[in-house]
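Written below as structure tokens is the structure these notes are about.
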Amino acid sequence: MEVLIMAGQLILGLSILVGLHEWGHMAAAKMFGMRVEKYFIGFPPKIFSFQKGETEYGIGAIPLGGFVKISGMIDESMDTDAMSKEPQPWEFRSKPAWQRLIVMLGGIIVNVVVGIFIFIVIAYNEGDRFLSSAEVNKYGIVAGELAQEIGLKTGDKIVKVNGKPFANFSDVVSSEVFLGSNSSYTVNRDGKEIEIDIPNNFIEKLSDPEEKGNFIRPLEPFRIGELVPGLPAEKSGLKTGDKVVSINGTPIRFFHEMQAELQKLRGKSATLVVQRGNEQKTIPMSITDEGTIGIMSESLLNYTTVDYTLGQAIAIGTQDAFGVVYNNIKGFGKIFRGEVSASKALSGPIGIARMFGGIWDWARFWQLTGLLSMVLAFMNALPIPALDGGHAVILSYEIVSGRKPSDKFLENAQKVGMVLLLGLMAFAIFNDVWKAVF
């Protein structure tokens, strides 16, 4: 079921973004009087289509893309027969270079606008909810396996990031830390300050969403939040607001301690002692084979909530959207410098689906869809033949030089670009499978 939910979110998110991207090309082409023959979300074979005016609109069976077919344009269809005929006034190739450039940039522009819009709406609706450094350092952090590898320990109190005090706990695991060079934490351990260096290639190990989520967490005292219907916690009489005191006699104070104890008892029975109001209750219950009992925890740390005005949301959302592009550029820089291997840094459809997760969370869905919109814009802007950026470079050359490249050159450039893109796609999918299996 989780796999289906992951796949469903991926397909919906990409269908929205690809559909809008291709609409950007189509809208610009129609604005300049170009004939758009086809507009499809998904690749062939065709599931269904309908004709409206000069354009066939349809859905393809392979949902990881889409396309528009503009008359007189050399694209992935490689329709060389049509290109051998005399140019017609409604064709792409008959229009001025500046109009063709706008058509090629139409998809990128739409994805940027959509990405910014999503981030603005998220900022306005949700504001910012975060843990201050002072609140986290009441108890310190839980150090996962990767955190322990670089020298962190559970109970450490992080007082500086890259030599500077921080206000928001999210700064501890920000892109500035993992995509930067020579990053470090300063921690207070037993009253002494210790410097913990972060390897420049550490981002490789955080490519798995689960690893990143378990890298560093705050030590959180907690109480029982929501109960999942039909699972052991609800069946045994646990109630919202209960505080777990012990499991099989082992004292429990923080949420990670309960998680660790339940993992030891997978598929077995346990006795929980909980604080309910002014009295303690002893509750026997079974533990699932996954080491869970079916609860959502409610943190007893004090989160700071900041609401944004529309003006603030516009500024912050725009900054967050372009931050995605900036982080992609920094990530490519790490690959080119040899600090991170491409196989660890790049993800295909399987890796992206895992980012959405096995639970349908609309907040996370839109957050990732906004992020993917900016990534799609950035990737399409790369100066690779067959991508929008490659076409834009050729058209920019034509505008500056006044010389139009031959159709033969454009056909060969398209072929080279298609080979590169298909090779990159095959590498990404194989890489996803390899990481999932091994």
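The values are calculated or read from the model by the stated rules, or taken from the named source; none is laboratory data. Computed from a predicted model, the values in this text were never measured in an experiment. Don't worry about glycine lacking a Cβ; one is built from the backbone with ideal geometry, like all the others, and counts go over all protein chains shown. The area values use the complete protein model at the heavy-atom level, side chains included, leaving out ligands, DNA and RNA. Shrake-Rupley method; radii C 1.70, N 1.55, O 1.52, S 1.80 Å.
Brief remarks on what is shown
- Stretching the chain fully between Ser236 and Gln319 yields a gain of 25.1 nm (0.36 nm per residue, less the alpha carbon separation).
- Span from the region 249-324 Cα centroid across to the region 118-182 one, whole angstrom: 18 Å
- Under 20 Å from the Cα of Lys85 - lysines, other chains or at least 8 residues apart: Lys38, Lys69, Lys95, Lys404, Lys408
- Qualifying trypsin sites (Lys or Arg not before Pro) in region 314-411, where qualification requires a DSSP coil assignment and no more than 14 other C-beta atoms within 10 Å, comprise Arg337, Arg403.
- Nitroxide proxy distance, nm - points 7 Å out along Cα→Cβ at Thr292 and Lys52: 4.2 nm
- From the Kirkwood radius over Cα pairs of region 91-200, Stokes-Einstein at 20 °C and 1.002 mPa s returns a whole-number translational diffusion coefficient of 123 µm²/s.
- Whole-percent pair-distance distribution, where bins are 10 Å wide, for the alpha carbons of region 1-110: 14, 42, 31, 9, 3, 0
- Per-q log10 I(q)/I(0), region 8-72, q = 0.12, 0.16, 0.21, 0.25 Å⁻¹ (Debye; single scatterer per alpha-carbon; no solvent): -0.28, -0.49, -0.80, -1.05
- Accessible surface, the chain, averaged per residue in Å² (probe 1.4 Å): 52 Å²
- For Arg217, the amide hydrogen comes within under 5 Å of the amide hydrogens of Val142, Gly144, counting only partners 5 or more places away or on other chains and with H modelled in the peptide plane.
- Heavy atoms of Asp289: accessible area, 1.4 Å probe, square angstrom to 10: 120 Å²
- Spacing of the two label points (7 Å from each Cα toward its C-beta) at Trp362 and Ala97, in nm: 4.8 nm
- Simple spin-label estimate for Glu226 and Glu279 in nanometres, 7 Å along Cα-Cβ: 3.0 nm
- Accessible surface ranking that places the most exposed of Thr369, Thr309, Thr304 first, with a 1.4 angstrom probe: Thr309, Thr304, Thr369
- Percent accessible area from carbon and sulfur atoms, region 284-401, protein chains only, probe 1.4 Å: 64 percent
- Of all complete DSSP H helices in the chain, those with a Cα span along the helix axis of 24 Å or greater and a mean Kyte-Doolittle hydropathy of 1.6 or more are 97-126.
- Over region 173-266: Rg over Rh, Cα atoms, Kirkwood Rh: 1.10
- Expected 222 nm ellipticity per residue - DSSP helices of 4 or more, -39500 (n - 2.57), all of the chain, to 500: -14500 deg cm²/dmol
- Per-residue HN-Hα couplings for region 157-163 [Karplus 6.51, -1.76, 1.60; θ = phi - 60°; Hz; x = Gly/Pro]: 10, 7, 10, 9, 10, 6, x
- Computed E for Ile11/Leu420 - FRET, C-beta separation, R0 25 angstrom, nearest 0.05: 0.50
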